[in-house]
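Undergrad: The structure under discussion is supplied below as structure tokens; questions concerning it will follow.
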Amino acid sequence: MKAVEVTGLTVALDDGSVIVDDVSFSLESGQVMGLVGESGSGKSTVGLALLGFAKKGANIVGGKVVVGDVDLLSLAPNDLREARKKLIGFVPQDPATALNPAMRIGTQLTEGLIGDKKENLPRIREVLETVGLPSDDAFLRRHPQELSGGQQQRVAIAMAVAKKPKLIVFDEPTTGLDVSTQARVLEMVAQLCADNGMAAVFVSHDLAVVGTVGDLVTVMYAGKILETGTHEEVLQSAAHPYSIALLDSVPSTRQRLALVAIPGRAPAPGTKFDGCVFADRCGFVEDRCREAPPPMVATSAGGEARCIRVDHVRKNRTGQVKEPLRLVEGREEKTSVLSVRNLNASYGRSQVLYDISFDVAPGECVGVVGESGSGKTTMSRCLIGLHEDQTGGFEMNGEPLPPRLRDRSKAIKQQMQYVFQNPYGSLNPRETIATAVMVPLRHFYGDRGKAARTKAQEALERVEIPWRLADRYPAELSGGQRQRVAIARALACNPSLLICDEVTSGLDVSVQASVVELLRSLQDDGLSMIFITHNLAVVRSIGDRVVVLSQGRVVESGAVESVLNGPQHPYTRGLLADTLDVDRPDSETSDLTG
Amino acid sequence: MAIETTTTDGAVKAAPTPDRSRRTALAWLIARRALMGLVTLWCISVIVFVATQTMPGDVAKIILGPSATADQVAQLNKNLGLDQPLFSQYWDWLRNVLTGNMGNSLVSGQPVSELLSERIFNSATLTVMAMVLILPLSLLVGLLAAVFRDKLLDRSYLGVSLIVTATPDFVLGSLVVALFGTVVFKVLPPVSLIPPGDAPWQHPQELVMPLAVMVLVGVTYLSRLVRVSFIDVMESEYVQLAMLKGLSMRRILFRHALPNALAPSIPAASIMAAYTIAGSVVIEYLFAYPGIGSALVDAVAGHDLPMIQAIIMLMAAAFFCFNQLADVLGTLNKSR
């Protein structure tokens with residue numbers, strides 16, 4: 001008997017628009033299914049619906065969710081609550097907001113279990129040890145905010161596992177984590193499911209993550225399943241054009257590949273389609289794709305895909321060969337846009353940066369890599385002059401550069417531009433995007449009115465934001481578009497150095513691809529860049545040289561090729577080993593072929 | 001502002017001894033605020049002094065009545081020290097206050113402290129009783145409104161509370177008096193005269209109406225804040241996770257939501273207490289309740305400067321303390 005059987009699951013908003021459309025799948029005990037898709041694909045809604053839960057404003061309108069032998073959706077509210085308690089565990093995306101700040105961890109761990117606290121404590125201690133956390137009373141008495149992000153996520157996992165559920169749902173549990181913490185958490189998830197015979201659904205936007213953890217992979221788009229199959233079937237020989245496009249947008253640590261973004265943007269939830277939901281963005285589209293919704297058909301690899309041209313797509317896909325990209329070479333060692341010498345920085349009494357030194361050549365992209373707490377954001381704030389508690393020397397084009405922003409001349413401020421991590425916070429929500437881009441133009445060049453609008457238009461078009469969006473507000477744009485606007489605002493100043501602080505980490509993988517490709521094209525125009533990230537695969541795609549930071553010190557630096565092909569420092573090796581990669585068929589290092 | 005930053009930063013940065021540094025920062029915060037309070041009180045005393053000088057009418061004339069001769073008035077002014085220059089009048093008053101002497105009432109000649117002690121007790125009783133009722137009621141009403149959000153109960157509650165908040169206290173008081181005291185039902189005494197020497201709770205009937213008005217005004221305001229923070233908390237991810245864990249609604253409401261919803265309401269409750277003290281002037285006067293509020297109205301009518309000064313100082317100090325308490329509680333809440 002199947003552990004989990006989902007048939008025809010449909011979720012609609014209060015206004016009737018369907019956000020999850022006829023989703024069916026089944027899982028055996030101990031099997032892990034990765035559910036992958038972009039933001040708005042309905043993957044998290046499916047995850048919640050597996051517990052018979054829908055967010056405010058949405059309702060489960062049809063289908064069956066059978067876990068063990070219980071049909072969840074037919075239960076009365078009280079029985080459903082009992083079923084959730086016994087049968088299903090849920091691991092939330094962001095444990096920092098999903099654990100109650102006012103309750104001790106011990107209480108939160110025991111409260112969901114049947115029986116009283118004393119009986120359950122031994123079980124809780126056992127589970128905490130399994131997930132690699134301390135299990136003493138002192139730890140149980142802590143509040144969530146006294147733990148690190150990784151520890152919080154482990155507590156959330158322990159909470160879901162402790163009741164020995166038949167099914168466990170992971171809702172993007174590693175999105176906010178460092179690569180190394182993520183690698184450990186994923187390994188743990190796979191182990192726990194195998195050991196306890198639990199079926200699991202693992203929701204993520206990252207194919208590399210899903211490929212690591214899932215036995216089965218299901219790809220969702222616009223509320224529909226577009227492709228499903230085993231891990232190998234989907235990742236090695238994807239058959240649906242959308243799955244292929246998603247795979248092409250994942251950066252690799254092994255090869256410097258051009259990342260291919262998916263054209264257009266994901267449809268808003270509830271959009272109605274006559275034919276195939278992906279037709280508008282598909283490279284293989286034909287007229288008949290738009291006529292009727294395609295059925296799921298078996299692919300030659302063994303999975304199923306919702307595409308009428310499966311065989312054609314597969315044949316033509318394998319013909320594609322990816323050319324590794326060239327690096328910026330022959331740079332003149334003498335000149336550098338920015339040199340950093342012996343930079344030390346601290347917060348109060350605690351020092352966070354020790355003797356950082358590096359150079360940025362014209363047209364070069366220096367990737368700065370490190371985990372959270374490595375000091376990489378403090379470093380970028382020092383460079384731009386926002387962090388005042390620092391010593392050391394900067395030179396810009398051979399001239400000394402004052403460390404504090406207020407001591408820097410207008411010309412220098414204009415030459416160094418900064419793009420923040422979070423495009424939701426860095427754009428003023430009450431300004432249209434055209435205004436956002438025009439503010440620095442007025443400040444640096446005194447451009448107003450028509451002149452400013454023309455320049456703003458150029459800047460926006462350079463980042464591929466059409467001018468007709470100019471009078472929209474940031475809230476009306478997608479995350480990727482907002483990040484492009486933030487980049488356009490920096491470009492409008494005509495800088496010689498762009499500092500990008502984790503600009504892609506809040507974005508979906510497919511959107512990340514488009515932003516990375518955009519930045520690369522700017523580099524071709526001679527712009528120098530400092531690209532701060534925790535993801536080595538992204539550095540491989542865009543960086544010319546890399547600086548690896550650990551606990552405030554540079555542990556390794558050099559050309560991207562040499563550092564990533566032959567890392568010298570154990571920290572870099574560890575980081576590289578923990579960075580997930582998709583085993584792609586066209587990757588030369590992969591020994592499996594589709 | 002600067003003080004608050006040090007508290008939060010102190011808690012974050014000095015990792016080895018978070019407790020100690022937080023405590024020192026808090027002690028500093030309280031000390032700075034206390035000093036600020038004294039300066040505020042001094043400023044208020046100057047403003048009140050200047051304001052009383054510009055009031056129309058002459059104290060001596062008011063005391064002696066319309067038939068007094070000019071000589072009598074001048075004599076009395078001299079006795080009261082009102083012929084002195086303004087600055088020295090103020091200086092005398094300030095010196096006395098700093099040595100603990102609030103002066104004598106100009107009208108009755110008795111020491112201000114003696115006249116006020118019973119009044120302070122009466123007012124404090126009324127305010128404390130009001131707050132004791134307001135806090136749990138606001139919590140209950142706010143919680144119910146949040147649970148039945150957008151249902152009929154919630155909507156009608158919002159409508160009523162809006163009307164009550166928009167109506168001035170004395171209008172509300174007059175309506176209550178007309179309804180229960182004079183015109184319609186006549187079940188309660190329309191005035192709350194507490195005989196001198198009696199404690200207010202010996203006359204429960206007299207307390208009902210002033211308390212009712214204070215509680216009505218307080219609860220409609222505070223419960224709306226509770227409602228909003230409760231709704232925020234109920235939509236939080238930890239409440240969603242609690243639902244997904246299969247916990248009972250009762251446990252979710254009282255263990256998961258309530259403690260978190262309470263935190264932002266506590267500073268508001270403290271400010272509420274400050275407003276209750278200030279608002280008592282109108283209520284006490286309306287019901288002729290013998291507290292400091294009605295004493296203030298009498299003192300202003302009689303140009304009784306030492307009384308006015310003493311009462312306003314007292315109210316300002318209480319108002320300031322509760323406001324500061326709200327700030328401190330808010331800061332503690334934030335740094336947690």
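Undergrad: Highest first, please rank the peptides A:71-82, A:295-306 by the mean number of other Cβ atoms sitting within 10 Å of their residues.
TA: A:295-306, A:71-82
Undergrad: Over all directions, how big on average is the projection of the convex hull of the alpha-carbon atoms in the stretch A:331-477, in square nanometres?
TA: Projected area, direction-averaged: 10.8 nm².
Undergrad: Angle between the Cα long axis of helix B:70-80 and the longest principal axis of chain B, 0 to 90 degrees, nearest 10?
TA: With both axes taken from Cα atoms, the answer is about 50 degrees.
Undergrad: Separate question: Starting with the highest mean, order A:541-548, A:28-35, A:440-447 by the number of other Cβ atoms within 10 Å, averaged over the residues of each peptide.
TA: Packing proxy ranking, top to bottom: A:541-548, A:28-35, A:440-447.
Undergrad: Further, regarding this structure: In the stretch A:56-178, how does Rg compare with the Kirkwood Rh, expressed as the Rg/Rh ratio over alpha carbon atoms?
TA: 0.99
Undergrad: Excluding ligands, DNA and RNA, what is the solvent-accessible area per residue of the stretch B:115-335 at a probe of 1.4 Å, expressed in Å²?
TA: Here the per-residue accessible area is 45 Å².
Undergrad: Can you work out the Karplus-derived ³J(HN,Hα) for every residue in the stretch A:345-352? Use 6.51 cos²θ - 1.76 cosθ + 1.60 with θ = phi - 60°, whole Hz, and x for glycine or proline.
TA: Rounded to whole hertz, the list is 9, 8, 10, x, 8, 9, 7, 10.
Undergrad: Jot down the per residue volume, in cubic angstrom and as a whole number, of the convex hull over the alpha-carbon atoms of the stretch A:187-273.
TA: Hull volume over Cα atoms, normalised by residue count, gives 119 Å³.
Undergrad: Next question, about the same structure. For chain A, with the dipole built from +1 on Lys and Arg beta-carbon atoms and -1 on Asp and Glu ones, taken about the Cα centre, which of A:511, A:98, A:401 lies farthest toward the positive end?
TA: Working it through, the farthest residue towards the positive pole turns out to be A:401.
Undergrad: Can you spot the lysines whose alpha carbon is less than 19 Å from residue B:186's alpha carbon? Ignore those fewer than 8 places along the same chain.
TA: none
Undergrad: Let me ask something additional. Quick one: ranking B:118, A:461 by accessible area, 1.4 Å probe, largest first, what do you get?
TA: My answer, sorted largest first, is A:461, B:118.
Undergrad: Considering only DSSP states other than H, G, I, E and B, which GluC sites (Glu not before Pro) in the stretch B:192-284 qualify as loop sites with at most 14 other Cβ atoms within 10 Å?
TA: B:235
Undergrad: Which whole-number percentage describes the relative contact order of the stretch B:219-336, with Cα contacts under 8 Å and a sequence gap of 6 or more?
TA: Across the stretch B:219-336, relative contact order equals 27 percent.
Undergrad: Would you kindly calculate the translational diffusion coefficient of the stretch A:475-594, applying Stokes-Einstein with the Kirkwood radius from alpha carbon pairs, for 10 °C and a viscosity of 1.306 mPa s, and quote it in µm² s⁻¹ without decimals?
TA: Taking Rh from Cα pairs, D becomes 99 µm²/s.
Undergrad: Could I ask something else about it? Per-residue mean of other chain beta-carbon atoms within 10 angstrom of the beta-carbon, peptide A:46-57?
TA: 1
Undergrad: With a 1.4 Å probe and every protein chain left in place, tell me how much accessible area residue B:42 has, in Å² to the nearest 10.
TA: 130 Å²
Undergrad: Considering only DSSP beta bridges where both residues belong to the protein assembly as shown, give the percentage that are antiparallel (nearest 5).
TA: 60 percent
Undergrad: Continuing with the same structure: Using only the alpha carbons of chain A, what is the convex hull's orientation-averaged projected area in square nanometres?
TA: Here the figure is 28.7 nm², rounded to one decimal.
Undergrad: Among the listed pairs A:56/A:224; A:85/A:224; A:2/A:56, give every one whose C-alpha distance is greater than 24 Å.
TA: Long pairs (Cα-Cα over 24 Å): A:85/A:224; A:2/A:56.
Undergrad: Something else about it: Find, among the trypsin sites (Lys or Arg not before Pro) in the stretch A:1-77, those assigned to loop by DSSP (not H, G, I, E, B) with at most 15 other beta-carbon atoms within 10 angstrom.
TA: A:2, A:55, A:56
Undergrad: Mind checking the full-extension length gain between residue A:82 and residue A:136? Use 0.36 nm per residue of separation minus the Cα-Cα distance, one decimal, nm.
TA: Stretched out fully, the residue A:82 to residue A:136 stretch lengthens by 16.5 nm.
Undergrad: Any idea of the total accessible area buried by the A-B contact, 1.4 Å probe, rounded to 100 Å²?
TA: Counting both chains, the buried surface is close to 2100 Å².
Undergrad: Using a probe of 1.4 angstrom, how much of the accessible area of the protein assembly as shown is carbon and sulfur, in percent?
TA: Of the solvent-accessible surface of the protein assembly as shown, carbon and sulfur hold 57 percent.
Undergrad: How about the stretch A:447-484: which trypsin sites (Lys or Arg not before Pro) there are in a DSSP loop, with at most 15 other Cβ atoms within 10 Å of their Cβ?
TA: Answer in residue order: A:448, A:472.
Undergrad: Shifting gears a bit: Pairing the Cα long axis of helix B:18-53 with the longest principal axis of chain B, what angle in degrees results, from 0 to 90 and rounded to the nearest 10?
TA: With rounding to tens, the tilt is 30 degrees.
Undergrad: How high is the relative contact order of the stretch A:328-446, given as a whole-number percent (alpha carbon pairs under 8 Å, six or more residues apart)?
TA: With pairs under 8 Å counted, the relative contact order is 23 percent.
Undergrad: Roughly how crowded by other chains is peptide A:84-94, in terms of the mean Cβ count from those chains within 10 Å of each of its Cβ atoms?
TA: 3
Undergrad: Nearest 5 is fine: what % of DSSP beta bridges in the stretch A:56-207 come out antiparallel, could you say?
TA: Around 20 percent antiparallel, to the nearest 5.
Undergrad: Students often get this wrong, so check it: of A:376/A:450; A:43/A:118; A:64/A:117; A:163/A:376; A:43/A:272, which have C-alpha atoms separated by over 28 Å?
TA: Over 28 Å apart, Cα to Cα: A:376/A:450; A:43/A:118; A:64/A:117; A:163/A:376.
Undergrad: To continue, here is another question. Can you give me the Kirkwood hydrodynamic radius for the stretch B:115-335, using every pair of distinct Cα atoms, in Å to one decimal?
TA: 19.1 Å
Undergrad: Under a plain spin-label model, where a point goes 7 Å from the Cα along Cα-to-Cβ, how far apart in nm are residue A:56 and residue A:471?
TA: The modelled label-to-label distance comes out at 3.4 nm.
Undergrad: Here's something else I'd like to know. Quantify how strongly other chains surround peptide A:100-108 by giving the mean number of their Cβ atoms within 10 Å of each of its Cβ atoms.
TA: Taking the mean over all residues of the peptide, I get 5.
Undergrad: In addition: Can you list, largest first and rounded to whole Å, the semi-axes you get for the stretch A:358-578 by taking the square root of 5 times each eigenvalue of its Cα gyration tensor?
TA: Computed over the stretch A:358-578, the values are 30, 21, 15 Å.
Undergrad: Could you do me a favour and compute the accessible area per residue for the stretch A:336-437, 1.4 Å probe, result in Å²?
TA: 43 Å²
Undergrad: Can you work out ³J(HN,Hα) from phi for every residue in the stretch B:89-106, in order, using Karplus 6.51 cos²θ - 1.76 cosθ + 1.60 and θ = phi - 60°, giving whole Hz and x for Gly and Pro?
TA: Once θ is set to phi - 60°, the couplings for the stretch B:89-106 become 4, 5, 4, 4, 4, 5, 4, 4, 4, 5, 8, x, 10, 7, x, 10, 5, 5 Hz.
Undergrad: Run the 1.4 Å probe and let me know the accessible area of residue B:131, rounded to the nearest 10 Å².
TA: Counting only protein heavy atoms, the figure is 30 Å².
Undergrad: In whole Å, what is the distance between the alpha-carbon centres of the stretch B:211-265 and the stretch A:352-369?
TA: After rounding, the separation between the Cα centres reads 49 Å.
Undergrad: May I ask you to evaluate 6.51 cos²θ - 1.76 cosθ + 1.60, the Karplus curve with θ = phi - 60°, for each residue of the stretch A:557-568 and list the ³J(HN,Hα) values in order in whole Hz, giving x for glycine and proline?
TA: Computed from phi, the couplings for the stretch A:557-568 are 8, x, 5, 4, 4, 6, 5, 7, 7, x, x, 8 Hz.
Undergrad: May I pose another question? Relative contact order for chain A: what percent, with Cα pairs under 8 Å and sequence separation of 6 or more?
TA: Value for chain A: 15 percent.
Undergrad: Quick query: amide H of residue A:307 versus all other amide H atoms, modeled in the peptide plane; which residues come in under 5 Å with a sequence gap of 5 or more or a different chain?
TA: A:297
The values are calculated or read from the model by the stated rules, or taken from the named source; none is laboratory data. Given the structure is predicted, the values throughout are model-derived calculations rather than measurements. Cβ: placed from backbone, ideal geometry, glycine included. Neighbour counts: every protein chain shown. For accessibility, only protein heavy atoms count, side chains too; no ligands or nucleic acids. Shrake-Rupley method; radii C 1.70, N 1.55, O 1.52, S 1.80 Å.
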